[in-house]
Amino acid sequence: MSDAGDTNDTVLSVRSGRLSFGERTLWSDLDLDLRRGEFLTVLGSNGSGKSSLLKAVLGLQRLTAGSITIDGRTVTHGDRHVGYVPQQRLIPPGTPMRGRDLVALGLDGHRPGLPMLGRREARRRVTEMIEAAGATGYADRPVGRLSGGEQQRLRVAQALVGDPSVLLCDEPLLSLDLQQQRAVSALIDARRRSHGTPVVFVTHDVNPILAATDRILYFANGRHRLGTPDEVLRSDVLSELYGTPVEVARIRGRVVVLGTPDDAHCEADHGDQVHQRWAG
Amino acid sequence: MTHLLPLVGPEGWARVFNFEDYGRLLQLVQYSLLAAAVLGVVGGIVGVFVMQRDMAFAVHGISELSFAGAAAALLLGTSVVAGSLVGSVVAAVAIGLLGPRARDRNSVIGVLMPFGLGLGILFLALYDGRASSKFGLLTGQIISVDGPQLGWLIAICAVALAIVLVIWRPLLFDSLDPDVAAARGVPVRTVSLLFMVALGLVVSVAVQIVGALLVLALLVTPAAAALRVSASPVVVPVLAASFAVLAAVGGILLALGGSLPISPYVTTISFLTYLVCRVVGSVGTRT
């Protein structure tokens, strides 16, 4: 699956998707086919419906209209064929859990009963996944004592250990430093290349994953654009989408989008969102 | 002041420690000891989840409403165990229904708790029975709980333990990362509510044994102590349960030798365990 563009087998499919809350429509007429091994990056302002799209794919948010299927099946509530990596949120130091236990929850955390009783097969899969995530060195240490980047690698391993059909990531790089961002995104990228697991990656900042991105889904103003980075990250395309002049600049390989409505107070918004996550 | 018994000098020590007739006393309280041990096991284990879910304040709130229920039962002449059970399960489920947001939850508990405590005090004021029954609800009265009621306390603990054992893994997942647990198909609301029911059950028993004001000594301190010395998902619940049993059973055994209520013994043992664990935890690296 080194070249996702050659394959045509669709894993995730959204047909005429619409999501409204009362009068407010976040997005509508969304048609999306995610192919095996494809890396889709989802961009847009706060509240434009990026995370709601993930919730809808997880079956936790009902679409107002349209349908979502994975491997041809309609998604169910808390779909176990979907892997999910949340925003980085520090695990409290006193949490009685090792890295290994956190990964194992991705395999059997939904089952009743006590953890880790027997099941050699499960233990083997957890160990393999930890190895693949390059987390063997700290897998037996208390999770609350690991760095944000180490915790996030374990969360990716947790999302992947059940061998999901699709991997969803909701701002997984937030508040990680540059090196940690690279390690975590490389891990996600490697998996879709080795196993063909397609990725839907919601983010504020496209730059850490620009090289991996096959297509971009950009939400703004209740509308969206879908296409390759070169097709979407253009001044004319985004100006039309936002309805105001927006400038897309490429500086030393980095993409900078200027003039979007939430551009001026970007930092404040950012902080707010983190805050809400904590409260929620 | 002559009516006050001295707490210093030889006479005073006899109130704190006096082990004459100890064997005979021990026989009288063997079922109380059994109830305390069972409560210790369940309370210690539930406490680990209380710590992870940041619910210490909720435990306190539930115990105050459990006290109100018990006081109402005392006034109505019905079973105190049933009264405290109804009070704490209703409170626990109500808090559970408020949802997971700790800040909202705490403010509602802060509003409910004094109301419950006030109701309880009103019921006690209206009740004209034995004064020791009144005081016992706040500070513990295990010795005065009779045989059939002790059987009920043990049964309630067993039900709570069964609930926790069944939901253990999804509860662990939900305590760690509720969003991810929901994404993985964990019925997070059901699991949270079941945990609250189990918590309510345990609190209602703890109110009978150490009293409403001191429930935290068995539901929070042992788990907090265990978390100081280990981060293992196996060692922490085992240690927490052992510490809680030590405090509950040890407290009764020591109280038998004096004329003081059991609560100060229970809380002191519990607190000392915590202090020792803090020291051990800061010296050694955690396993």
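The values are calculated or read from the model by the stated rules, or taken from the named source; none is laboratory data. The shown structure was predicted, so the numbers you read here are calculated from the model rather than taken from an experiment. So basically every Cβ, Gly included, is an ideal-geometry build from the backbone, and we count neighbours across all protein chains shown.
Here are a few things to note about the model shown:
- Flag for residue B:104 being within 14 Å of another protein chain (Cβ to nearest Cβ), acidic (Asp, Glu) and either touching a residue at least 60 places away in the same chain (Cβ under 8 Å) or part of a helix (DSSP H, G or I) (or both): yes
- Members of the range A:198-248 that are assigned to a strand (DSSP E or B) and under 22 Å from residue A:181 (Cα atoms): A:199, A:200, A:201, A:202, A:215, A:216, A:217, A:218
- Boolean, residue A:125 is surrounded by fewer than 17 Cβ atoms within 10 Å (Cβ to Cβ), assigned to a helix (DSSP H, G or I) and more than 14 Å from chain B (Cβ to nearest Cβ): no
- Residue B:81 vs. criteria modelled with pLDDT of 90 or more, out of contact with any strand residue (DSSP E or B) (no Cβ under 8 Å at 6 or more places or on another chain) and in a helix (DSSP H, G or I): no
- Selection from the range A:54-87 of residues that are crowded, with 21+ Cβ neighbours inside 10 Å, under 14 Å from the mean Cα position of the chain (by Cα) and closer than 17 Å to residue A:159 by Cβ: A:54, A:57, A:58, A:82, A:83, A:84, A:85, A:86
- Within the range B:165-203, being within 13 Å of chain A (Cβ to nearest Cβ) and more than 19 Å from residue B:233 (Cβ to Cβ) holds for B:179, B:182, B:183, B:185, B:187, B:188, B:189, B:190, B:194.
- Matching option when the condition is out of contact with any strand residue (DSSP E or B) (no Cβ under 8 Å at 6 or more places or on another chain), more than 28 Å from residue B:82 (Cβ to Cβ) and either crowded, with 21+ Cβ neighbours inside 10 Å or modelled with pLDDT of 95 or more (or both), among B:221, B:273: B:273
- Any hit, the range A:86-100, residues being assigned to a strand (DSSP E or B), of a type in the set (Gly, Ala, Ser) and either more than 10 Å from chain B (Cβ to nearest Cβ) or closer than 30 Å to residue A:19 by Cβ (or both): no
- In the range B:256-275, residue farthest from the chain's Cα centre (by Cα) [restricted to those that are part of a helix (DSSP H, G or I) and in contact (Cβ under 8 Å) with a residue 40 or more places away in the chain]: B:256
- Residue check, residue A:32 crowded, with 22+ Cβ neighbours inside 10 Å and in a strand (DSSP E or B): no
- The range A:58-81, residues that are of a type in the set (A, V, I, L, M, F, W, C) and at the interface with another protein chain (Cβ under 7 Å from one of its Cβ atoms): A:58, A:60
- Residue count, the range B:232-242 (criterion: within 14 Å of chain A (Cβ to nearest Cβ) and assigned to a helix (DSSP H, G or I)): 7
- In the range A:35-50, residue nearest to the chain's Cα centre (by Cα) [restricted to those that are more than 19 Å from residue A:232 (Cβ to Cβ) and either among the charged types (D, E, K, R) or buried (at least 20 other Cβ atoms within 10 Å of the Cβ) (or both)]: A:37
- Note on the range A:37-51: residues that are closer than 14 Å to residue A:200 by Cβ and away from every other protein chain (no Cβ under 13 Å) total 10.
- Of all the criteria given as (1) more than 30 Å from residue A:243 (Cα to Cα); (2) touching a residue at least 60 places away in the same chain (Cβ under 8 Å), the one not satisfied by residue A:157 is (2).
- Criterion (within 23 Å of residue B:175 (Cα to Cα) and free of Cβ contacts under 8 Å to residues at least 12 places away in the same chain) met by exactly one of A:80, A:111: A:111
- Complete set of residues in the range A:221-238 that are modelled with pLDDT of 90 or more and touching a Ser or Thr at 6+ places or on another chain (Cβ under 7 Å): A:229
- Screening A:252, A:234, A:193, A:153 for residues that are more than 14 Å from chain B (Cβ to nearest Cβ), surrounded by 21 or more Cβ atoms within 10 Å (Cβ to Cβ) and either farther than 30 Å from residue A:22 by Cα or of a type in the set (Gly, Ala, Ser) (or both) leaves exactly one candidate, A:153.
- Residues of the range A:105-121 classified as buried (at least 16 other Cβ atoms within 10 Å of the Cβ), more than 9 Å from chain B (Cβ to nearest Cβ) and among the small types (Gly, Ala, Ser), total: 0
- Pairs, first of a type in the set (S, T, N, Q) in the range A:170-184, second in a helix (DSSP H, G or I), C-beta under 6 Å, six or more apart: A:180/A:149; A:181/A:208
- Selection from the range B:256-270 of residues that are crowded, with 24+ Cβ neighbours inside 10 Å and among the hydrophobic types (A, V, I, L, M, F, W, C): B:262, B:266
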